[in-house]
Structure formats: structure tokens, C-alpha cells
1. May I ask you to list pairs of residues, at least six apart or on different chains, whose Cβ atoms are under 9 Å apart, with the first in region 212-239 being at pLDDT below 95 and the second being surrounded by fewer than 16 Cβ atoms within 10 Å (Cβ to Cβ) and not hydroxyl-bearing (Ser, Thr, Tyr)?
2. Provide a single number: the residues in region 54-63 that are within 22 Å of residue 30 (Cα to Cα) and within 13 Å of the ligand (Cβ to nearest atom).
3. Considering only residues of region 149-173 that are more than 12 Å from the ligand (Cβ to nearest atom) and not in a helix (DSSP H, G or I), which is surrounded by the fewest Cβ atoms within 10 Å (Cβ to Cβ)?
4. Kindly establish whether residue 33 is more than 10 Å from the ligand (Cβ to nearest atom), among the aliphatic types (A, V, I, L, M), in contact (Cβ under 8 Å) with a residue 24 or more places away in the chain and part of a strand (DSSP E or B).
5. Got a sec? Which helices (runs of 4 or more DSSP H) wholly within region 183-237 have at least 3 residues that are under 30 Å from residue 9 (Cα atoms) and near the ligand (Cβ under 10 Å from one of its atoms)?
6. Quick one: what pairs do we get from region 177-200, first residue more than 24 Å from residue 126 (Cα to Cα) and touching a residue at least 60 places away in the same chain (Cβ under 8 Å), second within 8 Å of the ligand (Cβ to nearest atom) and among the charged types (D, E, K, R), C-beta under 6 Å, 6+ apart or different chains?
7. May I ask you to verify whether residue 177 is farther than 15 Å from residue 139 by Cα, modelled with pLDDT of 95 or more and away from the ligand (no atom under 11 Å from the Cβ)?
8. How many residues are surrounded by 19 or more Cβ atoms within 10 Å (Cβ to Cβ) and either out of contact with any Leu (no Cβ under 9 Å at 6 or more places or on another chain) or within 16 Å of residue 88 (Cα to Cα) (or both) if we restrict to region 132-147?
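The values are calculated or read from the model by the stated rules, or taken from the named source; none is laboratory data. For clarity, every value in this text was computed on a predicted model and none was experimentally measured. Methodologically, a virtual Cβ is constructed for each residue, glycine included, from the backbone with ideal geometry; neighbour enumeration extends over all protein chains shown.
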Amino acid sequence: MIFEGKVALVTGGAGDLGNEMALHLAQEGADVAIWDVKSPAEAKAQVQRVKAAGRRVIYQRVDIANRKQVDAALAKLVTTLGGLDIVCANAGIVEARPFLEIPQDNWQRHMDINLTGSFNVGQATARQMVKAGTQGRIIFTSSWVSQIPWPENTAYDTSKAGVNMLMKQMARELAVYGIRVNAIAPGIVKAGLAGRQLIEEPQYAKRVSRVIPLGEPGTPVEIAQAVVYLAGPATAYMTGSLVVLDGGCSLFQFDQ
Ligand SMILES: NC(=O)c1ccc[n+]([C@@H]2O[C@H](COP(=O)([O-])OP(=O)(O)OC[C@H]3O[C@@H](n4cnc5c(N)ncnc54)[C@H](O)[C@@H]3O)[C@@H](O)[C@H]2O)c1
């Protein structure tokens, strides 16, 4: 129970990776706020799953791209749960397109949600931590493709590269307050965004079958365990780091 008495926020917590993070944090004793753009009805099963760990769990419908919604939800979270110690800025989208065919609104959506949404959550929660004197942890969900270009993924890859620099910049400026900021870079996980692409995009599935040196896609549990590590006492001296969990994908030279 390393998070007994702590409060955690997970954005995209009604999705596959975020829900696993929320569950693992609750199982380690944290009270949890789940933020997602889904309606309460759509998120019900995922919220129930985290509640089963026996901690206080609240669900808030929030579009992280909307700063007013983020600020209002955060104020309510702090009043309801009594503070904020751990933030998983995890919500994200992917809509793959070949570079020459990317419509401007597709590019803009990736920037608005993946990058500006991460900024909104990161800045709002960091301000709260500084105001409360909380030496908290902020963990972004980046991606292995933030560092390696993946076919037909320009908008997503670029937004996640931006998340990496946002994380480092925040780590640099917030260290003086004792706030640690890190990111995880999952590889291809057989769930969530990539899980759907594996089913819906045959070309994607064909590529994936060739690019994972460890042979298998990752699991949400493996990603959630890394989040527990980054939020916990074992990483008190770590800030500004990108932790890559990609089965070796980043090491691999692949053809297309
Ligand atoms: N699945 C993978 O293989 C993989 C690999 C690398 C990185 N990631 C990253 O992991 C994170 C979680 O993705 P996932 O795979 O669990 O997908 P997912 O679709 O299951 O979860 C994403 C969640 O974010 C929510 N969301 C989307 N837009 C939002 C918004 N504007 N405001 C609030 N919530 C919003 C969605 O409703 C969804 O519940 C993302 O940042 C993604 O880029 C996933």
C-alpha cells in the first residue's frame, strides 16, 4: 500500500491503459479521480472496476482540450478528495493517415488533445501542487513513436514528441518545488488505440508482426506497473526521464 492517503488523477481513465493505471494506483491505496471525455454511462464499467479496489473513486467527464473544463474539474476534485498527489496525464487519440493525405483538422485534433490537452492537465495540476505545497508526481503517457517515425503517423508522433519536451521542461522548472515529472513511452500494446488499429487496419497489423524484437505486443498491466514505479518512493530521485516499454521496438530496423 505505497499510496495510502494519496490522491491520484488519471486522464483517459475510461480507456484501456488509463483504466489499468487507475486500478493499480487504487490497489496500492490511492483514492482516484478518473477523467475522460466519455459519458458517465459509457465509463460505468471502467469506474466500477476501479471502485472494486475499495478506495474512493470519482468520475468526471472532462475534455482535456478545454481549459475551462480542466480547471473546473480540478477544483471539484481537490474539494471532494482533499488534495492531489499523483497525476497520470494519459488521455490521447490516434487517427493514422499517410503524410500527404493528412487533413488539417486531423493534425489539429492531435495537437489539441495529445499536446495542448497534456499542457492543460500538466499546468493546472502543477499549479495546484505548488499552491498546496505538495511534492507530487506527474506522469505523461508518451509513446515509443515519439522518437521513431512510424508510417502514416505524423500528427500523432509529432504530438507525442511535443509531450516529451513538455515533460522535460516541466521537470526542469518544477524541481525547485519537489514535483517530479516523468513520462512512459509504451510500445505497441494489444489494447486501446493500437488494439483497435490491429483489428481495423490490416496494413498496421502486418507491420506490427515484424517490428517487436521481444515478439509480442505489450499489455496494459505492464504499462500500469511502470506508472506505479514512477509514482512511488523508488523513483524519488528521478525527474525528466522517458521510460520506454516497447519490447525493443525502438532498437529495430524495419522495412515497410
Ligand atoms: N495502446 C497503445 O499501444 C499505446 C501505445 C503508446 C502510447 N499509447 C498512449 O496511451 C494513452 C492511452 O491510450 P489507450 O491505448 O489506452 O487508448 P484508449 O482509446 O483505450 O484510451 C484513451 C482514452 O482517452 C479518452 N480521451 C480521448 N480524448 C479525450 C479528451 N479530449 N479528453 C479526455 N479524454 C479523452 C478516450 O475517451 C479514451 O477513453 C494515449 O495517450 C496513447 O497515445 C497507447
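1. 212/248; 212/252; 213/248; 213/251; 213/252; 214/248; 216/190; 217/190
2. Step one: of region 54-63, the residues within 22 Å of residue 30 (Cα to Cα) are 54-62.
From what's left, within 13 Å of the ligand (Cβ to nearest atom): 59-62.
Matching residues across region 54-63 total 4.
3. Only one residue fits best here, namely 149.
4. Numbers: more than 10 Å from the ligand (Cβ to nearest atom): yes; among the aliphatic types (A, V, I, L, M): yes; in contact (Cβ under 8 Å) with a residue 24 or more places away in the chain: yes; part of a strand (DSSP E or B): yes.
For residue 33, the condition - more than 10 Å from the ligand (Cβ to nearest atom), among the aliphatic types (A, V, I, L, M), in contact (Cβ under 8 Å) with a residue 24 or more places away in the chain and part of a strand (DSSP E or B) - is met.
5. On the way: elements: 192-200, 202-211, 220-231.
The helices (runs of 4 or more DSSP H) meeting that bar are 192-200.
6. The qualifying pairs are 191/16; 192/16.
7. On the way: farther than 15 Å from residue 139 by Cα: yes; modelled with pLDDT of 95 or more: yes; away from the ligand (no atom under 11 Å from the Cβ): yes.
So residue 177 passes the test.
8. At the first step, the residues of region 132-147 found to be surrounded by 19 or more Cβ atoms within 10 Å (Cβ to Cβ) are 134, 136-146.
Filter once more, keeping what is either out of contact with any Leu (no Cβ under 9 Å at 6 or more places or on another chain) or within 16 Å of residue 88 (Cα to Cα) (or both): 134, 136-143, 145.
Total meeting the criteria: 10.
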